[in-house]
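These notes are about the structure you will find just below.
The values are calculated or read from the model by the stated rules, or taken from the named source; none is laboratory data. None of these values were measured; they are calculated from a predicted model. We place every Cβ from the backbone using ideal geometry, glycine too, and count neighbours over all the protein chains shown. Side chains are part of the model used for accessible areas, which takes the heavy atoms of the whole protein and leaves out ligands, DNA and RNA. Shrake-Rupley method; radii C 1.70, N 1.55, O 1.52, S 1.80 Å.
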Amino acid sequence: QVFTFIQVVFSSCKIFITQEENQVYSIRVDPTEGGQLTIEVLWDDTPVPGSPFSFSVIDLASIALDDIPNPKEYVSRVGEPFVIRLNLGSLDASFLKAEAKLNDGRIKPLTISDKLPNGTVKLTYIPNDIGGFQLLLSYAQVSLLKSMLKYSAVNMSGLQVTPPTTYCQLKEHVTFTVNGLPQGDQNLSISAVHKVHDAIVKATYDRSTGIA
């Protein structure tokens with residue numbers, strides 16, 4: 001069996017040619033930078049069928065994911081837009097796929113806006129049901145998310161709040177209740193503002209540990 005190996009290094013890619021057996025050659029292309037890449041394959045100075053071959057080299061690291069909300073800090077509301085923004089730079093937005101996977105397994109597509117001159121696209125999803133949904137983002141069939149992002153959709157109109165009195169005496173306590181909060185990973189945050197001293201006090205109750 002004849003076996004030969006050739007490596008050619010260009011500025012934009014590396015090409016490896018392996019003769020596996022008589023009349024069978026394997027050609028591997030390793031791109032080293034993003035952009036449009038054209039590979040021409042010749043046999044005895046004559047292009048083989050289909051040559052030249054052109055394809056886009058995508059650098060997924062160039063996609064900015066900084067504006068994606070943290071699921072532990074953000075709760076979506078039923079009937080209101082859930083919006084995130086991605087900066088694709090010079091990448092083609094037609095390769096972007098954005099979906100919401102509901103708890104019951106249904107898949108809902110996110111609306112993708114036209115790309116702005118600065119490379120930003122807006123992704124919008126309007127939840128119609130109470131419950132969780134998982135954000136699925138991919139570009140050219142490659143997932144953009146390293147970890148699962150699961151959000152809760154809440155119907156705020158369904159919450160029942162028992163208001164406290166409008167005044168209290170010093171060193172007495174005021175009590176009010178909130179009924180109808182959904183189950184999930186989100187925590188209950190409370191802030192208090194003292195108008196005299198402009199002091200703001202914030203507290204977060206962690207439902208998983210019971211610690212504030």
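General observations
- The single residue among Gln186, Gln169 that is in a loop (DSSP other than H, G, I, E, B) and either at pLDDT below 70 or among the aliphatic types (A, V, I, L, M) (or both) turns out to be Gln186.
- Residues that are polar (S, T, N, Q) and either open to solvent by 80 Å² or more (accessible area, probe 1.4 Å) or assigned to a loop (DSSP other than H, G, I, E, B) (or both) within region 109-125 comprise Thr111, Ser113, Asn118, listed in sequence order.
- Any hit, region 147-164, residues being open to solvent by 80 Å² or more (accessible area, probe 1.4 Å), closer than 30 Å to Thr38 by Cα, assigned to a loop (DSSP other than H, G, I, E, B) and not charged (D, E, K, R): no
- Some residue of region 86-108 being part of a loop (DSSP other than H, G, I, E, B) and of a type in the set (Lys, Arg): yes
- Condition broken by Asn128, with the remaining ones in (1) in a strand (DSSP E or B); (2) farther than 26 Å from Val57 by Cβ; (3) polar (S, T, N, Q) satisfied: (1)
- For region 42-85, filtered to residues that are more than 20 Å from Val29 (Cα to Cα) and of a type in the set (Phe, Trp, Tyr), the residue that is surrounded by the most Cβ atoms within 10 Å (Cβ to Cβ) is Phe82.
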